[in-house]
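Presented below is the structure to which this report refers.
The values are calculated or read from the model by the stated rules, or taken from the named source; none is laboratory data. Bear in mind the structure is a predicted one, so any value in this text is a computation, not a measurement. Here the Cβ positions follow ideal geometry from the backbone for every residue, glycine too, while neighbour counts run over all protein chains shown. Surface areas here come from the heavy atoms of the whole protein model, side chains and all, with no ligands, DNA or RNA. Shrake-Rupley method; radii C 1.70, N 1.55, O 1.52, S 1.80 Å.
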Amino acid sequence: MQGAVCFIDVCLIVAASLLAGQVLGHHEEQIQALRLDRIGVVSSALFAVIAQLVGAYELQAHLSAGRSVLRAMNAWAGVTLFVLGLSAALLGRMPLATGDIYFWSIACGGALALGRIGMATAMTRLRRRGVFDQRSAVIGTGQQAAELVRYITQHKLLTLSLTGFYCDDEAEPLDFQTMPQGGALPYRGNLTALLTAIRLGAIDRVIIALPQGQESRARAIVARLSDTPVEIRLAPASGGFSWTQNAVTVLGEWPVLTLLDWPLSRGQRLLKATEDRLLSLLALILLAPLMLIVAIAIKLDSPGPVLFRQKRQGYNCRDFEILKFRTMQVADDAEAVVQARRNDPRVTAVGAILRRTSLDELPQLLNVLLGHMSMVGPRPHAVSTRAAGRLFGDISQSYPARHNVKPGMTGWAQVCGWRGETHSEEQLLRRLDHDLYYVRNWSIWFDLRILAQTVVTVLRQQNAY
């Protein structure tokens, strides 16, 4: 959104400069138009920088025409003064007549103002349709929660929609019946109900609003929600909380602390989704002949389907059906999944080659194209997979956090050597450490690095069987 508004601003300044040059050129020397062309290009770039510094590209600024125009005019006034001062210092004189500069500045400023009014009108309409809203839930009791809800519901420029109240296990639902202004927002239930709503994809942000001195309750809430892909914000009643090192987000004029954030921002998720779709489509086109040969080899080697389908846990702990080339005599999805072992008698002759070369994973490109998976991410495990006889989720409380991003065809753990059978809790924990490191440190360059390392490292490892 910021890039689009900046592009429009630059185009308006350049266009207004061209128009001003043409108008002045009718009664002045034609060279005036050329000079205004140059000044327009330079000043548009300078405006973009200054506008960023004064907050002219913040979303809330665009939702108010008056605020948007005021910030744009402040930035433009700075540009005009800077251009005049720099020109006078470098050339020892004004590049154009003073009247011409005023005409050019007014023309560009007017174009910016009209553009900002139009954009604010369009974005206000989009906001009313909920385009920019983040679905938010408030968890808390007492006057603090009531005041927060009242403030959010009365603030016209906040880009969030409240879905309801929730309470933690230590609170009684009766608290919500006696809260001032609490009836404006429905009571949805306790923490379990909140977790269910998050898993269903109905909530993007949770705001904790507790009375002073309730830090232990807040920490308990964060612990329960830490394995979900939502933003968690704290609205402290005073400075008594110890999370002072955390970033502060302002809801209008109401400060809240960021306790946990999305692993990836909206822009990063869009960038990663674009990367996944483009790379998976390109790979499918290039590898289609090889995949056809593999499919024929599987059919000739043993009876059964070409593809193996199995439920795996994906983003937000939701199950999806993963696709692989069948490498075993019997492809089942038993309640207790047994990982492949060295010299596993179930593996076919062709399947052993596919596993060693990771060619059995190629159908997952379809999972990526369909949005179930990413090219890079934590590898998806079957729900009932065990290590040392225990379910993966029972070994570490942090295990579900690896599902806060989409699972990948390859991952940081795999290129670092943690691939193959997981027969001990230590192996799972080391794998989990690498997965969580990837979640916390994602970047497009990190993905490309892992993809490159996959080619030279994963395919020649000997612990895939």
*Show the residue pairs that are 6+ apart or on different chains and have beta-carbon atoms under 8 Å apart, the first residue being within the stretch 364-384 and part of a helix (DSSP H, G or I), the second being aromatic (Phe, Trp, Tyr).*
367/320
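State the number of residues belonging to the stretch 289-314 that are open to solvent by less than 50 Å² (accessible area, probe 1.4 Å) and within 24 Å of residue 455 (Cβ to Cβ).
7
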*Return yes or no: is residue 333 modelled with pLDDT under 90, among the charged types (D, E, K, R) and more than 30 Å from residue 228 (Cβ to Cβ)?*
no
_Any residue in the stretch 265-284 that is at pLDDT 85 or above sitting within a Cβ distance under 6 Å of a residue that is surrounded by 15 or more Cβ atoms within 10 Å (Cβ to Cβ) and not hydrophobic (A, V, I, L, M, F, W, C)? List the pairs, counting only those 6 or more apart or interchain._
276/374
*If residue 205 satisfies every condition in (1) at pLDDT 85 or above; (2) loosely packed, with under 15 Cβ neighbours inside 10 Å but one, which is the exception?*
(2)
